[in-house]
Amino acid sequence: MILKTNDTFARVDDINFFGSFSKSLNGLFTIAWSDFDWESGIGGFRTSGEGTYIIAKNDVVKQIGKLERPNDGKISNNGNFIINDWLFGEGLKGIYYAFNLSGEILLKHSFSANLYNNSISENGRYCVCQCCNSDTDDSNTLNFFDLEEGSILWKTNPETGWTDSYYFDCEKMELHLTYKEKGIFRYSFNGNFLDKEKWETERINYLSAYEISDLAKERFKEKKNNMNEEIAEEIILLFERALEEGLYKYPNETAIVYRTIGEIKELLRNIPEAIHYYELAFEHNSKVGIKRHLKMLKENKD
């Protein structure tokens, strides 16, 4: 049997197969898959009727397999391949599979979250998958596996968010997370975030107004007992950025911002400016919890 491909789809005429596909980097192997039950004629969400995956070498079909809902197939230069199985029925769940060219299972890992995407190294030894949101420990996790060991090496919630694509640098033992807008961020094969400082510098450009405000609050909480002019300026600039990004549309949040800036000014013993920001906070929300303290500061000032 021959697997035929065009720019978008793959097909095997002998078995009426039609689906998506991905090729190994060396072009030798192809994996194709269809989240569709040919007997019932139902694809996508369903409660029964397995989908199909196909492995071909030089376009000659070598393996045909069945999973509940196969998606996101990838194949390496040695024929090892991975598939996300979205599973039947409702619920946040999925199984991440890895096989060798003979069809033997190298890895089967269940998740209590939907599977987002995946990738496998060129040499077929390492692979990753990322999960979507859930209310479990698997929520948004990036999971890194060693197929030689058949086990997970580490998992983390990447600060940089859901990845668009991956690159395995096996010589440097680095996993590159590639984003269309954010660029590239690296993890070591033992799970260390190598570009943490780079992300700390750049992440504000990708945060919402609420997220920027939360970041400022975190910095204030961390530095409250060691406040100085430099730290204060950094935190206040974050709050001002949050307001510029649209937080000013929400009076309660704006009140909290101004109250916190007032607290910073008070820590620096700049009481007139502290009073100014406390008054702004009170104007936006009279229940922001500053009324008595503001009165006391004004009386002592006079």
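The values are calculated or read from the model by the stated rules, or taken from the named source; none is laboratory data. As the structure is a prediction and not an experimental result, all values here were calculated from the model. Please note: Cβ atoms are built from the backbone with ideal geometry, for glycine as well, and neighbour counts cover all protein chains shown. All accessible areas refer to the heavy atoms of the entire protein, side chains included, with ligands and DNA or RNA removed. Shrake-Rupley method; radii C 1.70, N 1.55, O 1.52, S 1.80 Å.
Please note which strands (runs of 3 or more DSSP E) are completely contained in the stretch 1-58 and include at least 2 residues that are β-branched (Val, Ile, Thr).
By residue number, 29-34, 51-57.
Return yes or no: is residue 268 of a type in the set (A, V, I, L, M) and open to solvent by 90 Å² or more (accessible area, probe 1.4 Å)? So residue 268 does not fit the description; no. Only one entry of 295, 291, 301, 287 meets the criterion of being loosely packed, with under 14 Cβ neighbours inside 10 Å, at pLDDT below 95 and in contact with a Pro (Cβ under 8 Å, 6 or more places away or on another chain), and that entry is 301. Quick check on residue 171: is it over 30 Å from residue 41 (Cβ atoms) and at pLDDT below 95? It is false that residue 171 is over 30 Å from residue 41 (Cβ atoms) and at pLDDT below 95. Once the stretch 96-146 is narrowed to residues that are among the aliphatic types (A, V, I, L, M) and over 17 Å from residue 167 (Cβ atoms), the residue that is most open to solvent (accessible area, probe 1.4 Å) is 105.
For the stretch 206-220, the condition of being open to solvent by 80 Å² or more (accessible area, probe 1.4 Å) and over 30 Å from residue 180 (Cβ atoms) holds for none of the residues.
If you scan the stretch 58-103, which residues turn out to be acidic (Asp, Glu) and either within 18 Å of residue 10 (Cα to Cα) or in contact with a Ser or Thr (Cβ under 8 Å, 6 or more places away or on another chain) (or both)? Working first, answer last.
Initially, the stretch 58-103 is screened for residues acidic (Asp, Glu), giving 59, 68, 72, 85, 90.
Hits for the stretch 58-103 are 59, 72.
For the stretch 183-190, the criterion of being part of a helix (DSSP H, G or I) and either among the acidic types (Asp, Glu) or in contact with a helix residue (DSSP H, G or I) (Cβ under 8 Å, 6 or more places away or on another chain) (or both) is met by none of the residues. Filtered by the rule that a residue be part of a helix (DSSP H, G or I) and among the aliphatic types (A, V, I, L, M), the stretch 249-268 gives 255, 256, 257, 261, 264, 267.
Restricted to the stretch 153-182, and to residues there that are hydrophobic (A, V, I, L, M, F, W, C), at negative phi and not in a strand (DSSP E or B), the residue that is most open to solvent (accessible area, probe 1.4 Å) is 162.
Any chance the stretch 218-238 includes a residue that's within 31 Å of the chain's Cα centre (by Cα) and within 20 Å of residue 287 (Cα to Cα)? There is no residue in the stretch 218-238 that is within 31 Å of the chain's Cα centre (by Cα) and within 20 Å of residue 287 (Cα to Cα). For the stretch 246-265, the set of residues classified as surrounded by 15 or more Cβ atoms within 10 Å (Cβ to Cβ) and hydroxyl-bearing (Ser, Thr, Tyr) consists of 250, 254, 258, 260, listed by residue number. Can residue 67 be described as surrounded by fewer than 19 Cβ atoms within 10 Å (Cβ to Cβ), under 16 Å from residue 100 (Cα atoms) and in contact (Cβ under 8 Å) with a residue 24 or more places away in the chain? For residue 67, the condition - surrounded by fewer than 19 Cβ atoms within 10 Å (Cβ to Cβ), under 16 Å from residue 100 (Cα atoms) and in contact (Cβ under 8 Å) with a residue 24 or more places away in the chain - is not met.
Does the stretch 230-242 contain any residue that is more than 22 Å from residue 205 (Cα to Cα) and part of a helix (DSSP H, G or I)?
From the stretch 230-242, those more than 22 Å from residue 205 (Cα to Cα) are none; that's our starting set.
Looking for residues that are more than 22 Å from residue 205 (Cα to Cα) and part of a helix (DSSP H, G or I), one finds none in the stretch 230-242, hence no.
Being hydrophobic (A, V, I, L, M, F, W, C) and over 22 Å from residue 135 (Cβ atoms) is the filter; apply it to the stretch 155-179 and report the residue that is nearest to the chain's Cα centre (by Cα). So the residue we want is 177.
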